[in-house]
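Below you'll find the structure, written out as structure tokens, and then a few comments.
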Amino acid sequence: MVTGSEPIVKSIFLDDEIEVVHPDIPRGHFRHVLFDFDGTLSLIREGWQDVMVSMMVEVLQQTGTHETPTELRAHVREFVMRLTGRQTIYQMIQLADEVKTRGGQALDPLEYKHRYHQLLMRRIEGRLQALANGASAPDEWTVPGSRPFLDALHRNGCKLYLASGTDLKYVQHEAELLGLAEYFGDNIYGAIDDYKRYSKGMVMERILAENHLHGPELLGFGDGYVEIAEVKRAGGVAVAVASDETGRLGTDEWKRRRLLEAGADIVIPDYRKGQQLLDYLLVKRP
Ligand SMILES: [Mg+2]
């Protein structure tokens, strides 16, 4: 439930920016680590929230609702964020429901998804091209510190998984452009057309079952409500990456609040203090 009020947390801070919300989490046993992609590692789709919210506000205005654009924006932003981490189609299903609630004629959610994708591509195609032809370096479009952090996890024997709500083909392509695909090997998951057959929860259940793991051996990183809640539901430890995707420095307070509501154990702005975080998670420091 999103209340808008400041969640009551008594956090401790490590090195000024690693916020430990639950210091009693089990540490030291992590061998399998799950990452979300957009906003958690990749910044290629920076600004997707604005693109989606603006499109949805426009669609809802066309129903003739008496709500003001400001009211609609606040409402849309809330449900978009609540559904972030699930496949994009679920945000579009919600949009179709919102249109119907206001007496409008809703399109097929898949059509809304295509429209959104076209709008987003307009915003990011220059970035994709620049990465492909070498005009941009991968680190320009990666959450700061990602690569050294993935390297360090790898060196410590952790197996890495990538699970995104974005369509699988785009996740694979964009992970390759950023030079991050190699860390995950075959363990890259994303949205598929038959959307009921994929969810982050399913990926987690599979990781736990195939490796005979218990929840506390699973570590998850994400900037979306859903993956944080799912990691907690699986009994794992959830690190919220409340990345400021535009400013790229410090924490996005709006994201932080919602990720705390989702049950995050630790909040970080990015991986600049990745080594310190790892030392804490692997109990090389108190
Ligand atoms: Mg994300």
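Observations on the model:
- Shown for the chain: lysine pairs separated by 8 or more places, or found on different chains, whose C-alpha atoms are under 22 Å apart, numbering 20.
- Accessible area of segment 172-286 belonging to carbon and sulfur atoms, whole % at 1.4 Å probe: 49
- Probing with 1.4 Å while keeping every protein chain in the model, the per residue accessible area of the chain equals 46 Å².
- When the Gaussian network model of the chain links Cα atoms closer than 10 Å, the mean-square fluctuations of Gly220, Gly126, Gly274 top out at Gly126.
- Ordering of 83-89, 66-72, 178-184 by burial proxy (mean other Cβ atoms within 10 Å per residue, highest first): 83-89, 178-184, 66-72
- Neighbour net charge for Asn211 - beta-carbon separation under 15 angstrom, K R +1, D E -1: -1
- Each 5 Å bin from zero up to the one holding the largest Cα-Cα distance in the chain carries the following percent of pairs: 1, 5, 12, 17, 19, 17, 13, 9, 5, 2, 1, 0.
- Segment 48-132: C-alpha gyration tensor shape, a/c 1.5 cut-off, then a/b vs b/c: prolate
- Exposure of Trp141 as accessible area (Å², to 10), given a probe of 1.4 Å and all protein chains: 40
- Fraction of beta bridges assigned by DSSP in the chain that are antiparallel (%, nearest 5): 25
- Estimated FRET transfer efficiency when R0 is 41 angstrom, pair Glu125-Arg73 (beta carbons, to 0.05): 0.95
- Taking segment 143-180 and a reference point 7 angstrom along Cα→Cβ of Glu205, the backbone N atoms nearer than 19 Å belong to 162-165.
- Cβ crowding within 10 Å averaged over residues, with 49-56, 255-262 ranked highest first: 255-262, 49-56
- Carbon plus sulfur fraction of accessible area for segment 48-132, probe 1.4 Å, in percent: 48
- Residues within the reach of a label modelled at Asp15 (point 7 angstrom out along Cα to beta-carbon, backbone nitrogen below 18 Å), restricted to segment 118-154, are 143-154.
The values are calculated or read from the model by the stated rules, or taken from the named source; none is laboratory data. These numbers were taken from a predicted model, which means no experiment stands behind them. FYI the Cβ positions are ideal-geometry reconstructions off the backbone, even for glycines, and counts take in every protein chain you see. Accessible surface areas use protein heavy atoms only, side chains included; no ligands, DNA or RNA. Shrake-Rupley method; radii C 1.70, N 1.55, O 1.52, S 1.80 Å.
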